[in-house]
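Trainee: Next up is a structure, given as structure tokens.
Derivation of every value follows stated rules applied to the coordinates shown; laboratory data play no part. Here the structure is a predicted model, which means the values were calculated and not measured. Glycine gets a Cβ as well: all are built from the backbone with ideal geometry, and neighbour counts include every protein chain shown.
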Amino acid sequence: MQKILIGTNNKGKVKEYKFFLSNYFDVLTPADIGVNFDVAETGTTYEENSLLKLEFLRRKDLNMAILCDDSGLEIESLSGEPGIFSARYAGEDCSDQDNINKVLRNLKGKKDRKAKFVCVISFFWEKFSSFPRLFRGECHGSIIDNQSGNSGFGYDPIFFYENLAKTFANLSEDEKNKVSHRAIAMKELFSNLNF
Ligand code: IMP
């Protein structure tokens, strides 16, 4: 089977990408191949940060497909925060719960709870294209005060997905991976790959 390297240390993301890709690729992480994956996210957009991660791994000449992403949660009444800073909203080395607490603190008293998740995948595979390709997915929902559910990761317990009337953390793996921002970006990638 052909190999694909997923450029992330986030176990939640790895699980989701394995779900999408395992039928087609042997899915590897930087840790699996002894690469210390530590890329400063100095870009100002998801696209830039996603490509920074991709270029870091491309420079290693690994001779396999590489997929990276940059993603985040954008809350309308917080002017799009936390956005590209979603992973470190409450500070470097903060926990998912710290980030959730900060969002809920900042939303106190605000009526508008609309939010969206965004994911930008960057992908490079010599067999597919001679240059990196980008694929974006967005998923709309709202932020609820009472966090609920144990599945998923990050902000999933406070992201309420109206179409299924559940938080992302209350969706099954199958359900989230049909509708999420990451799933939508993956569909774009797959349709381009003709899978
Ligand atoms: P990064 O893409 O590694 O910069 O991190 C994105 C951050 O956004 C994650 O650490 C999570 O906090 C949040 N995030 C991205 N996608 C999801 C998701 O599917 N569920 C919950 N949180 C997410």
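Residue-by-condition table, conditions (1) surrounded by fewer than 16 Cβ atoms within 10 Å (Cβ to Cβ); (2) within 23 Å of residue 177 (Cβ to Cβ); (3) away from the ligand (no atom under 11 Å from the Cβ):
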| site | (1), (2), (3) |
| --- | --- |
| 22 | yes, yes, yes |
| 34 | yes, no, yes |
| 46 | no, yes, no |
| 54 | no, yes, yes |
| 57 | no, no, yes |
| 63 | yes, no, yes |
| 70 | no, yes, no |
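Trainee: OK, next. What residue, among those in the range 72-98 that are among the hydroxyl-bearing types (Ser, Thr, Tyr) and on the phi < 0 side of the Ramachandran plot, is surrounded by the fewest Cβ atoms within 10 Å (Cβ to Cβ)?
Mentor: Going residue by residue through the range 72-98, those that are among the hydroxyl-bearing types (Ser, Thr, Tyr) are 77, 79, 86, 89, 95.
So of that shortlist, the ones also on the phi < 0 side of the Ramachandran plot come out as 77, 86, 89, 95.
Values: 77: 15, 86: 20, 89: 20, 95: 10.
Restricting to residues being among the hydroxyl-bearing types (Ser, Thr, Tyr) and on the phi < 0 side of the Ramachandran plot, the top hit is 95.
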